1. Look at the stretch A:173-194 and say how many of its residues are farther than 15 Å from B:PHE115 by Cβ and not in a loop (DSSP other than H, G, I, E, B).
2. Condition (residue is of a type in the set (Asp, Glu), more than 14 Å from every other protein chain (Cβ to nearest Cβ) and more than 16 Å from DNA strand D (Cβ to nearest atom)) applied to the stretch A:107-114: is it met by at least one residue?
3. Mind checking which residues of the stretch B:79-96 are acidic (Asp, Glu) and open to solvent by 60 Å² or more (accessible area, probe 1.4 Å)?
4. Would the stretch A:142-155 turn up any residue that is within 28 Å of B:SER112 (Cα to Cα) and under 17 Å from the mean Cα position of the chain (by Cα)?
5. Restricting to the stretch B:203-214, what's the tally of residues that are over 8 Å from B:LEU94 (Cβ atoms) and either surrounded by 21 or more Cβ atoms within 10 Å (Cβ to Cβ) or touching a residue at least 12 places away in the same chain (Cβ under 8 Å) (or both)?
6. Of all residues in the stretch A:161-188, which are more than 7 Å from chain B (Cβ to nearest Cβ), free of Cβ contacts under 8 Å to residues at least 40 places away in the same chain and over 25 Å from B:GLU129 (Cβ atoms)?
7. What number of residues in the stretch A:27-49 are over 26 Å from B:ALA32 (Cα atoms) and crowded, with 16+ Cβ neighbours inside 10 Å?
8. Quick check on my filter: what residues within the stretch B:50-78 are open to solvent by less than 60 Å² (accessible area, probe 1.4 Å), within 14 Å of DNA strand C (Cβ to nearest atom) and touching a helix residue (DSSP H, G or I) at 6+ places or on another chain (Cβ under 7 Å)?
2 protein chains.
Amino acid sequence: MLVQKSVKKNVKGSVRQANYGKIIKAAVTVFATKGYQGATVQEVAEKAGLPKANVLYYFKSKQGIYEAVLSDILSLWNSSFDHATAQDDPAVALSRYIREKLEISRTYPEASKIFAMEMIKGAEQLSDEIKAGMVSWFQSRIAIIQQWIQDGKMANVDPAMLMFQIWATTQHYADFSAQISILKDGKMLNKKGFQDVGDYLCRSILSSCGLKVPE
Amino acid sequence: MLVQKSVKKNVKGSVRQANYGKIIKAAVTVFATKGYQGATVQEVAEKAGLPKANVLYYFKSKQGIYEAVLSDILSLWNSSFDHATAQDDPAVALSRYIREKLEISRTYPEASKIFAMEMIKGAEQLSDEIKAGMVSWFQSRIAIIQQWIQDGKMANVDPAMLMFQIWATTQHYADFSAQISILKDGKMLNKKGFQDVGDYLCRSILSSCGLKVPE
DNA sequence: GTCTATATAGCGATAGAC
DNA sequence: GTCTATCGCTATATAGAC
């Protein structure tokens, strides 16, 4: 969990840090289950164990809390695929990425949900800085996949469609967990269930790239 | 667009029907872009071209409008897969279903978004009746896929994972259109773009089922 | 059936005592 | 730095004139 640094170097610095953390953690849960408009500062405060006014003392507005939550989430989403290169084996790099994305869906489903809702509503509260970061990351990953294709390491698939396919299928297990639970008679997917999904998705996605799942 | 029947058989029935339709249509747009809590009856009324009080005269509460929108959406989501049987060719049935789901994402992205948000937030506003309908539909489709597998018509893949994969990948193009637009430099996917996605997804999903895309 | 005017409640945000 | 009390606003919902 990313915790913003205190500007003042007083003895209460640790209190500030702890409160920041508590507020962010509470806010993630509330925003994920209620959405931005449905969330209330009061509920965040209760979950964090602080009076509402204190929450608005640390973050001066509800919008401020939300923005802090969004950047906190981003810090969780680093993956091995960030450092993939054209020299890597696409089968290894892609299957690792699929499994990592799925693991994030399992361990931080709320983060995935908040981002999903932000996108669904049109990403209007997403800062230009974050958007620019997404674009440059995406373009560099696309370039690597294109190089793999040129080098004959994998089949000629549209790299953007491949990325969207990976995101859609892995995030689905976080975002639509309620639907999965309904359809599976209330049973949530456990760790073993996610392992099976990972095996399935790797086989499926890699096979359409003309690749075999490593080992 | 499903339009609820007037209970009274008066001469104004057509006015009532027209207003119902206008309100639902407006509400779909507002709920999709703002979420349930973010939507206001005022905005729905403005989009529908009616005074706010009239909207609350037809539907007695905001919740009532929302429920009407949800059931209206469901009526849009009938597909050829509803009537697929164990006698059908899985390659034909699945590829048709994928293309239909994708076409719905293209033509009714707002409906997909409203449902996605409802699921993300935990489906707490979804009626038990709707949930039960989803479960029975799902189980019957799973049974058909299992029969196809038993009959050796397709590879042994988990039918539930296959369904989730189809939903995730097709709905992604509606729900995450803002993200796609950001990453593709503001360019929205046109009809041709969706055609390409359909080709890609059919190839990919069918190949992991050991099937070939028909003709 | 339709619309204006309003009751009521809950929100984000702040002022000011401690 | 912390908390109580409250302001000002906006939302849903309704009462009642037409």
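The values are calculated or read from the model by the stated rules, or taken from the named source; none is laboratory data. Nothing here was measured: the structure is a model prediction, and the numbers come from that model. Cβ atoms come from the backbone with ideal geometry, glycine included; neighbour counts cover every protein chain shown. The accessibility values were calculated without ligands, DNA or RNA, using every heavy atom of the protein model including side chains. Shrake-Rupley method; radii C 1.70, N 1.55, O 1.52, S 1.80 Å.
1. Step one: filter the stretch A:173-194 for residues farther than 15 Å from B:PHE115 by Cβ, giving A:173-174, A:181, A:184-194.
Still in the running and not in a loop (DSSP other than H, G, I, E, B): A:173-174, A:181, A:191-194.
Result for the stretch A:173-194: 7.
2. Let us first name the residues in the stretch A:107-114 that are of a type in the set (Asp, Glu), namely A:110.
So of that shortlist, the ones also more than 14 Å from every other protein chain (Cβ to nearest Cβ) come out as none.
Within the stretch A:107-114 (the criterion being of a type in the set (Asp, Glu), more than 14 Å from every other protein chain (Cβ to nearest Cβ) and more than 16 Å from DNA strand D (Cβ to nearest atom)), the answer is no, since none of the residues qualifies.
3. Here is the first cut: in the stretch B:79-96, the ones acidic (Asp, Glu) are B:82, B:88-89.
Within the stretch B:79-96, B:ASP89 is the sole residue that qualifies.
4. Within the stretch A:142-155, the subset within 28 Å of B:SER112 (Cα to Cα) is A:142.
Pick out the ones that are also under 17 Å from the mean Cα position of the chain (by Cα) and you get none.
No; the residues of the stretch A:142-155 include none that is within 28 Å of B:SER112 (Cα to Cα) and under 17 Å from the mean Cα position of the chain (by Cα).
5. Residues of the stretch B:203-214 over 8 Å from B:LEU94 (Cβ atoms): B:203-204, B:207-208, B:210, B:212-214.
Okay, now just the ones that are also either surrounded by 21 or more Cβ atoms within 10 Å (Cβ to Cβ) or touching a residue at least 12 places away in the same chain (Cβ under 8 Å) (or both), so B:204, B:208, B:210, B:212-214.
Total satisfying the criteria: 6.
6. Once the filter is applied, which keeps residues that are more than 7 Å from chain B (Cβ to nearest Cβ), free of Cβ contacts under 8 Å to residues at least 40 places away in the same chain and over 25 Å from B:GLU129 (Cβ atoms), the stretch A:161-188 yields only A:MET163.
7. Filtering the stretch A:27-49 down to residues over 26 Å from B:ALA32 (Cα atoms) leaves A:45-49.
With the extra rule that they be crowded, with 16+ Cβ neighbours inside 10 Å, the set shrinks to A:45, A:47-48.
Qualifying residue count for the region: 3.
8. Once the filter is applied, which keeps residues that are open to solvent by less than 60 Å² (accessible area, probe 1.4 Å), within 14 Å of DNA strand C (Cβ to nearest atom) and touching a helix residue (DSSP H, G or I) at 6+ places or on another chain (Cβ under 7 Å), the stretch B:50-78 yields B:LEU50, B:VAL55, B:TYR58, B:PHE59, B:LYS62.
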